[in-house]
Amino acid sequence: MRTVEHFIGGNAAGGGSRQHDIWDPNSGEVQAKVSLGTGDELQKAVDAALAAQPAWAATNPQKRARVMFEYKRLVEANMDELAALLSSEHGKVLADAAGDVQRGLDVIEFCCGIPHALKGEYTQGAGPGIDVYSMRQPLGICAGITPFNFPAMIPMWMFGVSIACGNAFILKPSERDPSVPVRLAELMKEAGLPDGILNVVHGDKQMVDAILDHDDIKAVSFVGSTDIAHYVYQRGTENGKRVQAMGGAKNHGIVMPDANLDQVVNDLSGAAFGSAGERCMALPVVVPVGNDTADALREKMIPAIDALRVGVSSDPDAHYGPVVTKEHKERIENWIQTGVDEGAELVVDGRGFKLQGHEDGFFVGPSLFDHVKPGMESYRQEIFGPVLQMVRANDFEEALALASNHQYGNGVAIFTRNGHAAREFAARVNVGMVGINVPIPVPVAYHTFGGWKRSGFGDTNQHGMEGVKFWTKIKTVTQRWPDGGGDGSNAFVIPTMG
């Protein structure tokens, strides 16, 4: 059986006596194993990074950008291979898997312009004969801990910007679908990146703790569940590291009475059920304003859900495929039962879905709840599956409060033709990313990604200029060049009042 190994110092590296199963979500069978490392494997990666990083930091930004240009070309050339590999381990349909790779590649494109992004500031004549300038310098060795749901996009979000800024990087991907991250590292080497600048180590909590505790790792970026994000942030910052930790989400879609419901239904079908709902920017809660809007939306939503095709990940006609593991399938179905027990109306029940010929696959049919209440635990928590919950609001203010008061604040959307309502909503809602008639408001790569409240811990977001700030430290220089007079008339004097 195939074994996915670590990638350290530019080469495949074994290590660790434990292994983790990699499932085929379509069949429910184990298709490969991944080696789980320990602090020993991490130390090998750190040693490789320490040896390579000073020379990489001294490489001028334009040459670092040329590696990114070549990397972009190679990823594009290998897109079909990467999408198929990703799909086989995660369960995303091929088109969705290719989109996963492409959204990561968008950040690599941003990194191709890193010389401009790294430019500092300069003030001439800040004082008598004094100039002040700043420079951005790499931190040294950085690390990323990434989730299963975007095994290409999120690693590239992290290591692309960090490496372009002159750092070495250690990636700890999810053990559920680790093959694509390793392949991405191999392509980076092929693009001309020096050995030791990008390393991939596999593991579980033992490896995560080793990363958070290692003195030579200066910054950690994390994406995953909220409780673990909080843990990573707390432990990492206690050890003096710079940490950004992105957690869970419960994104709301507010539907105003003037919205185009046909467009809303089309958007919800993709945003709520695409990728089997395994996206932190999915739209699992719809909030129609007024009962008339809710009744009309429900009437249109049911046939749209019935038309969704659930299939194997290689089926070009499938809207979405299986979820990632048997345990996650059971977790989603347990949340559906919780919603029923709490008194929500289960309009469409996706439990017990079986695909002919793939009866042991990890498939969950689409589900729809109506009359969900804010006090329900199934509303408060992230389900992370193909489940859409309808929470009815009486008016705009109630809808605004639902999104603003929820413990998560990752993304939110409003569907309306009223410019004033949209502007008011965007200004007042207590959520980090807002869509106006855009169901999944993930910003483009040259802007920045990040949620609020329990969706994000840390002060700096991912990618864009916020990413450049996170992966660098700023140094400010105040300089003057005296004329050489020895009588003290040109001595520097600290400015005083008066």
Discussion item. Could you list, ordered by first residue, the pairs with Cβ atoms under 6 Å in which the first is in region 303-329 and within 21 Å of D262 (Cβ to Cβ) and without any contact (Cβ under 8 Å) to a residue 24 or more places away in the chain and the second is open to solvent by 70 Å² or more (accessible area, probe 1.4 Å) and in a loop (DSSP other than H, G, I, E, B), at least 6 apart or interchain?
Written reply: R309/D317; R309/H319
Item to complete: Give the residue, chosen from Q263, Q206, Q244, that is in a helix (DSSP H, G or I), closer than 20 Å to G411 by Cβ and among the polar types (S, T, N, Q).
Response: Q263
Worksheet, complete the sentence: A careful count of residues in region 433-463 that are part of a loop (DSSP other than H, G, I, E, B) and open to solvent by 30 Å² or more (accessible area, probe 1.4 Å) gives 13
Worksheet item: Does F369 satisfy being open to solvent by less than 60 Å² (accessible area, probe 1.4 Å) and outside any loop (DSSP other than H, G, I, E, B)?
Response: yes
Worksheet item: Would it be correct to say that G339 is open to solvent by 40 Å² or more (accessible area, probe 1.4 Å) and more than 28 Å from P443 (Cα to Cα)?
Response: no
Practice prompt. Taking the residues in region 401-419 that are in contact with a His (Cβ under 7 Å, 6 or more places away or on another chain) and in a helix (DSSP H, G or I) as candidates, determine which candidate is most open to solvent (accessible area, probe 1.4 Å).
Written response: L402
Item to complete: Please go through region 251-269 and pick out each residue that is surrounded by fewer than 24 Cβ atoms within 10 Å (Cβ to Cβ) and in contact with a His (Cβ under 8 Å, 6 or more places away or on another chain).
Response: S269
Item to complete: Grab the strands (runs of 3 or more DSSP E) fully contained in region 1-89, keeping just those with 3 or more residues being farther than 27 Å from K205 by Cα, at pLDDT 95 or above and among the aromatic types (F, W, Y).
Response: none
Discussion item. Being touching a helix residue (DSSP H, G or I) at 6+ places or on another chain (Cβ under 6 Å), among the acidic types (D, E) and surrounded by fewer than 24 Cβ atoms within 10 Å (Cβ to Cβ) is the requirement here; does D216 meet it?
Written reply: yes
Practice prompt. Hey, can you tell me all the residues within region 143-173 that are part of a loop (DSSP other than H, G, I, E, B) and surrounded by 24 or more Cβ atoms within 10 Å (Cβ to Cβ)?
Written response: T146, N149, F150, P151, A152, C165, G166, N167, P173
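The values are calculated or read from the model by the stated rules, or taken from the named source; none is laboratory data. Just so it is clear, the structure is predicted and the values come from calculations on it, not from any experiment. All Cβ positions, even for glycine, are placed from backbone atoms using ideal geometry, and neighbour counts span all protein chains on display. Remember, those area values only see protein heavy atoms, side chains included, never the ligands or the DNA or RNA. Shrake-Rupley method; radii C 1.70, N 1.55, O 1.52, S 1.80 Å.
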